Structure formats: C-alpha cells, structure tokens
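The values are calculated or read from the model by the stated rules, or taken from the named source; none is laboratory data. Note that the coordinates shown come from a computational prediction; the quantities given were computed from them, not determined experimentally. When we count neighbours, we look across all protein chains shown, and the Cβ atoms used for this are built from the backbone with ideal geometry, even at glycine. Calculation scope for accessible area: heavy atoms of the full protein, side chains included, ligands and nucleic acids excluded. Shrake-Rupley method; radii C 1.70, N 1.55, O 1.52, S 1.80 Å.
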Amino acid sequence: MSDLLRFATAGSVDDGKSTLIGRLLFDSKGLFTDQLEDIERISQRRGNDYVDLSLLTDGLRAEREQGITIDVAYRYFATPRRKFIIADTPGHVQYTRNMVTGASTADVALILVDARKGVTEQSRRHAFLATLLGVSHLVLCVNKMDLVDWSEDVFRTIVDDFKEFAAKLIVGDLSSIPVSALLGDNVVTRSEHTPWFEGATLLSLLENLHVASDRNLVDVRFPVQLVIRPQSSAARDYRGYAGNLASGILKVGDPIRVLPSGLETTVAGIDTASGPVDEAFPPMSIVVRLAEEIDVSRGDMLVRPRNVPTVTQDVEALICWMDESATLSARKKYAIKHTTRWARALVRDVEYRIDVNTLHRHIEDDELALNDIGRVTLRITAPLFVDAYRENRETGSFILVDESTNRTVAAGLVLRR
Amino acid sequence: MTSRVLDQLRTLESESIHVIREVAAEMQRPCLMFSGGKDSIVMLHLAVKAFAPARIPFPIMHIDTGLNFPEVIAFRDRLVTDLDLDLVVASVPDALARGEVREGPGGSRNRIQTPVLLAAIEEHGFDALFGGARRDEEKARAKERVFSFRDEFGQWDPKNQRPELWNLYNGRIAPGEQIRVFPLSNWTELDIWNYIAHYDVPVPGLYLAHDREVVERQGMLYAVNDFIDARDDEVPAVRRVRYRTMGDANLTAAVESEADTIAKVVEEIAAVRLTERGATRGDDKVSDTSMEDRKKEGYF
C-alpha cells in the first residue's frame, strides 16, 4: 500500500529550489517528455545553454516573463512507495502569505540553503513559518555543494549554524543533506563526491519519513458538514451526519456528546464511501449514524463526553495577515470560518507583531499589514469549539474573511489558554 | 487497518468528498460539469458516494458541442437514468443557429464553449460549478485553487486568488459571481485510472483499445468519422487504438494501444512518457500559455 506525503518547499530562484523540484520530478520520472521538450525549447529560445528546470514550476505568463514565482504551485510525483504532493512557494519576505498557505497542509518542509552563502535570514524565516504552521519534520538541503568542492566542513558548519537557530523553534525532527540540485547528487541517487555523508538521499528520506504518528489520534473531534436525509422511500429512516473526522478514533458504540447542545448518545454506525466500518480515523470522510434521534446540524461537533475542546467566544490566536488592501487592528470585524462553522469575529486587541526574521516581539505595534504575523484576541459572536493549534491542526485553525470584499484576509492559529 | 493509515486513493477520495459536501452545504445552487471524460466520471462517482444513500442534491451540466463521440452521449444518458440525475444540456449548435457565437478557424468549438457555458450559468443561476480539472494537467492549472473565484464575467484572475489554507474553503460571493470547484485538484492521471480500476467505475469503451479506421495527421491518429474525412493525400487504415481523453471528435486524437482492459490501461499509463494533453489534444498547442488565456476568459 502506498500512502501520501505532502511537503512544502520555499526559497528564491537563486537557491536552486525550482531546479531541485525539477530534479526530483525528472529523476523519479514524474516528468513527461513533452513537458521536458517544452522547457528545452524555451530555454534555448532564451539563449540558456542548460535546461532550465525552474520553468516547470513557473506556469503563469507573468512568472515566465519576469523569471519570478508569484504563487503557490502544486506538483505531483509518485514512487512505488508513496505519492508526493509538493506545495512550491516563493521565498521572499513579501510572500510570507504563500509560504503559510503551502505549509498549512504539509507534513514536511524542505529548507534550501546555498552552500556558498550559508544560513540566511530567509532560511531562518522558512524554518520559523514551517514550525509555526505545525510542520514537524524539517529537511535542510545544503545545495550547490559542487561549488564548494563537496567540503564536509562547509556542510557541518551550516548544519550546526541552523541547529543553533532551530533550537529556538519547536521542531519534531531535523535531517540535513548535502546536495547538488543541478547535477543531481544526493537528490535521487547517491553522490560519489560525499563519501563522508552517511545519510539517505533526499528522495529516499522522503519515501521513508514516518508521518502517520503526527496526527492527533487521541481527541475525537467530528465537525458536522451536513445532514444526510434521503427522501426516497427505500432509505426514509436513514439519518446520518457527514463530515471529515478531524482527529481521534471514533468507534461504533462510542458514547458521544454533541456541541453546542450538550446532548449525549452513542454511535450506532459509521458509513464510508466503501461501506460501513467499525472505526474511523483521520482524515476519513464519514457519515455517522446516532443511536437516538437528536437535533444535530452543520457546524455542530461530535466529541467524547470526557474529552471536550474549549467552548469559547474568546479566542487568543496568532494571525498571519494576507490582504494587501487593508490592515488588521483593534475593533475591526470579520467573518470567521472555523471547522464547518461560520461566525463573526471582533478584534479586541493586537498584542504584538512578530518579526519573522528575528522572532522579536514588537509590543508597540497595534496593526498587522500584509505578510505580518502577530498575536491577537478575538471576541466571537457564537461559541467555537477550539483546541490549541499545536495539539490539533484542524480544530486549532481558522480563516478570517472580509465581509465587504469576501476575500480571505487572514489565517489564524489558536493558542493554548 | 491496524496502522490506521489511509492509502493514497482513499486519502484523495476522502479529500474530494469533503470538498463536494462543503459546496453542497454552503452554496445556493451548485452544478456539476459533466463531459463524459474519465475525470468527470470519477467526480460524479465521488458525488454519488458523498451523499449516499440520498441522491445528488444538484444537477449535472453537459456542454454539448455537437461534436461529441456518439458513444459518449450514449454513456451520459445511461448514467443519468441509472443514477436518477437532473441533466442540463447547454448546446453549442443551438447557440450557433441563433447566431450568438461563431465557429473559429479549422472548425474548433473550443473557444466558443465559454460563452455558451457562461450563458447557461446565468440562465440557471448557478453559483458553484464543479469541474474535473486536475492540477497535474497543465501549468496554469497547477496554480489554481480548489475553490476558484470567478467574477461576474466568469473571469479567472491568477494574480488575485484567495489564499486557501488547511481544508477551510471560502465560498462567499456577491450575486452574479461564481466559484469553480475542482475536487480532483490533487489527483494525477494515474490516480484516476487506479481509482477506476480499483472501484470498477464504468467508463466509455473508447478508452479501451479497439480497431478503428484512422488517418495520421501531424503525427497524431484521428478517427475517420462523421466529423473527420480523410484528406486526398491520406490513406485511412485500421489500427488498434484507444483514446486518452474525450474531447471533440474532430480534434481529439487516438493513441496506438493494445490496452483492452482497465488493468492494461493502468499499466500503459504508468509507463507512458507523454502528458495526455500533449499526446491527444490539438487545441492546447497554440502557445505556452494558451490554457491560462482561456481560463481568464471563463473557460474551465
């Protein structure tokens, strides 16, 4: 059985990030002949004497014309062991928004460092954002090793330097690999130039990383998406609650409590796309049938009676502001979407803004602008059922939407109270 | 089951069903675009599963270019009966007859599908349209959101897309605007075939290798049919072929193949080195950014 791994990459064109992705796709045969011919043709037309693998990821006209990456691009490749989804994001500070987006669903983050330049402000920022968004596996790729004569000393210095910074972050595990994306060393095949390196190649590492235990299998949280009530005579008595199991293991026979009503009953059955099951685990989409007919609707949450989230109208959160046309400040109001629930949120206070490069907290700042991250307190029109983002990505995350433009303006991470 | 890890197909299935249910719960009047191709067949199959045992709570729409393979139309009509679906047909020939659109050079009806689609959306008041597009198909698609916002002209603005985080989708729109929804965004062509094989999803027989009279044109094999005549210098020959995509019968080429079962198709796709569009679609070869340009105009 092959499973699915999502990883995020961030970096600028200079780091060779697009080249690294191109190399992964190319060497794992995730790239098709006509795509290759396409970029060969464009590289030639531009007068390059090499095939510019970055053209694979830069798909929009403006990106090709300006040689920049604007947005998050998703790429796919598979080996017999795993299917991979790459969220590829640009690395500059003005693209913090895109990095946060890419990292929000990633299991692993690749941090790319140019061996000649060492750890930069940008690599520290990437590591900070990835760990902030709950990515628990970091892979430090020290690239362009061919340009530093495959020096073990250079590699070790960079790794030590990075580790010193990473100690300030909450990192699940960190691996480091010396690579040359351009030549392919240690990306898919082992390099002959790094006999001193004992670790796995990048692809082999990605294939073998154990991410299943990153999920929260303890706290049952089932946000109800919709009620399934067939009108046909054959299934008239059927009544099920559809949704995606956010966390925990839900079993037939389990006692459950419905939030916000507090009513309790037991699970009579769990249906999936492939038929009924005895137990469900994340990220399964399921339909839960209950033993008693009680009032449950979209936005409600099924939990275990002895393990409930915080039910609150007051939320402390880190906010990443994503809108260029407005800023966030106290007393502003937004629509908020948390799990399957919409409500309205009032900003009570902006406590501080974090400098994403130095991690310094600016308590004097009371406004968040595009790409800013800061701590805020919100008052919500109706209770939300939240857990801290660190413990639960699904019930600890929300988005803010501007009610006049309908644009998604912020990502929010619930903090432990 | 003890490891409690979903395999990749069930992970993708789960994610797609979540997206389909979100749309049904939040949008006023959704509609599922059905082309008769394998992607829209899988998407429809997932929609059936998302609401079972209830029926699908929205109609499906087919843009009939008048250039469909007859096998595809027959397949569509059978599905509509079997699944008790509401079918909306937006007809390009009708729009041509009314003079609302005009055919492009070479008889391509690819570009004129867009105004016909937009007119049908307006007529029926649809605010969310499911499309079967995948991000691995094309480089402009690789940057499109799962919930893709379109303004009142149906236009896509790639530089002004809504950030999309976790599985929190924002379907809020003003009247006249729409959301295009792509539940299969994260699937690849091989995933689609693996899924069809694993769950025995029925597909039109054109996808399997069969003998057909074809002519070779610019390296591609075109069936001789109601829509394509052999030119004077072309000699039709019977070859063993199958189709990788279901586009218009006058533009979609077949590929030589011995894959006459779904299992063999999966094997063939796993080994193939050309993208499906590159191999079979004359309409995407116009420029580096032809897909991006068409999407900006309101195309899927």
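Using a basic spin-label model with each label point 7 Å from the Cα along Cα→Cβ, how many nm lie between B:Arg78 and A:Gln94? So the two model labels end up 5.5 nm from each other. In this structure, A:Gln44 and A:Ala291 have a Cβ-Cβ separation that, at R0 = 60 Å, corresponds to a calculated FRET efficiency of about 0.30.
Interface residues of region A:319-357, defined as a loss of at least 40 Å² in heavy-atom accessible area between the chain alone and the complex of all protein chains with a 1.4 Å probe, are A:Lys337, A:Trp342.
Take the accessible area of chain A alone and of chain B alone, subtract that of the pair, and you get about 6200 Å² summed over both chains, using a 1.4 Å probe. Each other residue within a Cβ distance under 9 Å of A:Ile21 adds +1 if Lys or Arg and -1 if Asp or Glu, for a net charge of +2. Straight-distance candidates among the aspartates and glutamates for linking to A:Lys117, with alpha-carbon spacing under 16 Å and chain neighbours fewer than 8 residues away dropped: A:Asp14, A:Asp15, A:Asp146, A:Asp149, A:Glu152, A:Asp153, A:Asp160, A:Asp161.
Are there residues in region A:198-242 whose accessible area shrinks by at least 50 Å² when all protein chains are included rather than the chain by itself, and which are they (probe 1.4 Å, ligands and nucleic acids not counted)? For region A:198-242, once contacts with the other chains are taken into account, A:Gln225, A:Leu226, A:Ile228 lose 50 Å² or more. The distance separating the Cα centre of region A:140-185 from that of region A:338-417 comes to 33 Å. For region A:314-413, trypsin sites (Lys or Arg not before Pro) are listed when DSSP marks them as loop and at most 11 other Cβ atoms sit within 10 Å of their Cβ; the list is A:Arg331.
Each residue was assigned an accessible area with a 1.4 Å probe, and for B:Val92 the value is about 0 Å². Between A:Gln231 and B:Gln28, the distance separating the two model label sites (each 7 Å from Cα on the Cα→Cβ line) works out to 1.9 nm. Is the protein assembly as shown best put as rounded, prolate or oblate by its Cα gyration tensor, with a ≥ b ≥ c the root eigenvalues, rounded for a/c under 1.5, and otherwise prolate when a/b is larger than b/c, oblate when not? Taking the square roots of the gyration eigenvalues as a ≥ b ≥ c, the protein assembly as shown is oblate. The residues packed around A:Trp196, meaning those with a beta-carbon under 14 Å from its beta-carbon, carry a net charge of -4 if Lys and Arg are +1 and Asp and Glu are -1. In chain B, Rg over Rh equals 0.95, where Rg is the alpha-carbon radius of gyration and Rh the Kirkwood radius from pairwise Cα distances.
Between A:Asp214 and A:Ser325, full extension at 0.36 nm per residue minus the direct alpha carbon distance yields a gain of 36.3 nm. Whole-Hz Karplus values for region A:101-114 come out as 4, x, 6, 4, 10, 7, 8, 9, 10, 9, 9, 9, 10, 7 Hz, taken residue by residue from phi with 6.51 cos²θ - 1.76 cosθ + 1.60 and θ = phi - 60°; glycine and proline positions read x.
With a threshold of 27 Å on the Cα-Cα distance, the over-threshold entries among A:Lys163/A:Lys337; A:Lys332/B:Lys143; A:Lys337/B:Lys38; A:Lys83/B:Lys49; A:Lys333/B:Lys49; A:Lys17/A:Lys83 are A:Lys163/A:Lys337; A:Lys332/B:Lys143; A:Lys337/B:Lys38; A:Lys333/B:Lys49.
Considering only B:Thr65, B:Thr188, B:Thr81, the mean-square fluctuation computed in a Gaussian network model of chain B, springs between alpha carbons under 10 angstrom, is largest for B:Thr81. GNM on chain A, alpha-carbon springs under 10 angstrom: the most fluctuating residue among A:Ala166, A:Ala103, A:Ala345 is A:Ala166.
What region A:221-303 shows is 38 Å² of accessible area per residue, with the surface traced by a 1.4 Å probe over protein heavy atoms. Within region A:124-203, list the trypsin sites (Lys or Arg not before Pro) lying in a DSSP loop whose Cβ has at most 15 other Cβ atoms in a 10 Å radius. Filter output for region A:124-203: A:Lys168, A:Arg190. Applied to region A:239-250, the Karplus parametrisation 6.51 cos²θ - 1.76 cosθ + 1.60 on θ = phi - 60° returns per-residue 3J(HN,Hα) values of 9, x, 10, 8, x, 9, 5, 6, 6, x, 10, 9 Hz, with x for Gly and Pro. Ignoring the sites themselves, chain A has its longest run without chymotrypsin sites (Phe, Trp or Tyr not before Pro) in a DSSP loop having at most 12 other Cβ atoms within 10 Å at A:197-417.
Note on A:Asp173/B:Tyr199: beta-carbon distance plugged into 1/(1 + (r/R0)^6) with R0 of 30 Å gives a FRET efficiency of 0.25. Carbon-plus-sulfur accessible fraction, region A:224-330 (probe radius 1.4 Å, protein heavy atoms only): 45%. Largest accessible area first, the residues B:Phe58, B:Phe149 order themselves as B:Phe149, B:Phe58 under a 1.4 Å probe with ligands, DNA and RNA left out. Each Lys or Arg adds one and each Asp or Glu takes one away; over the other residues whose Cβ falls under 11 Å from the Cβ of A:Ala326, this sums to -2.
In region A:264-308, which residues have a backbone nitrogen under 15 Å from the label point lying 7 Å from A:Arg239's Cα in the Cα-to-Cβ direction? Residues passing the 15 Å test: A:264-269, A:288-298. Between amide H atoms placed 1.01 Å from N, distances below 5 Å from B:Met61 occur with B:Leu32, B:Met33, B:Phe34, B:Val88, all of them 5 or more places distant or on a separate chain. For chain A, modelled as a GNM whose springs connect Cα atoms under 10 angstrom apart, the maximal fluctuation among A:Arg306, A:Arg298, A:Arg116 occurs at A:Arg306. Normalised per residue, the accessible area of region B:1-149 is 37 Å², obtained with a 1.4 Å probe and no contribution from ligands, DNA or RNA. Taking 7 Å along the Cα-to-C-beta vector as the label spot, tell me the A:Leu263-B:Val89 distance in nanometres, rounded to one decimal. Placing both labels 7 Å along Cα→Cβ, they lie 4.6 nm apart.
The helix-based estimate of mean residue ellipticity at 222 nm for chain A, built from -39,500 (n - 2.57) per DSSP H run of four or more residues and divided by its residue count, is -5000 deg cm²/dmol to the nearest 500. What separates the Cα centres of region B:73-145 and region A:73-132 is a distance of 36 Å.
In a fully extended conformation the segment linking B:Ala270 and B:Ala230 would gain 11.2 nm over its present Cα-Cα distance, using 0.36 nm per residue. For region A:126-218, the list of GluC sites (Glu not before Pro) that fall in a loop by DSSP and count at most 13 other C-beta atoms within 10 angstrom reads A:Glu192, A:Glu198. Accessible area drop of at least 30 Å² (1.4 Å probe, protein heavy atoms): which residues of region B:116-155 qualify, relative to the chain alone? SASA drop of 30 Å² or more in region B:116-155: B:Arg135, B:Asp136, B:Lys139, B:Ala142, B:Lys143, B:Arg145.
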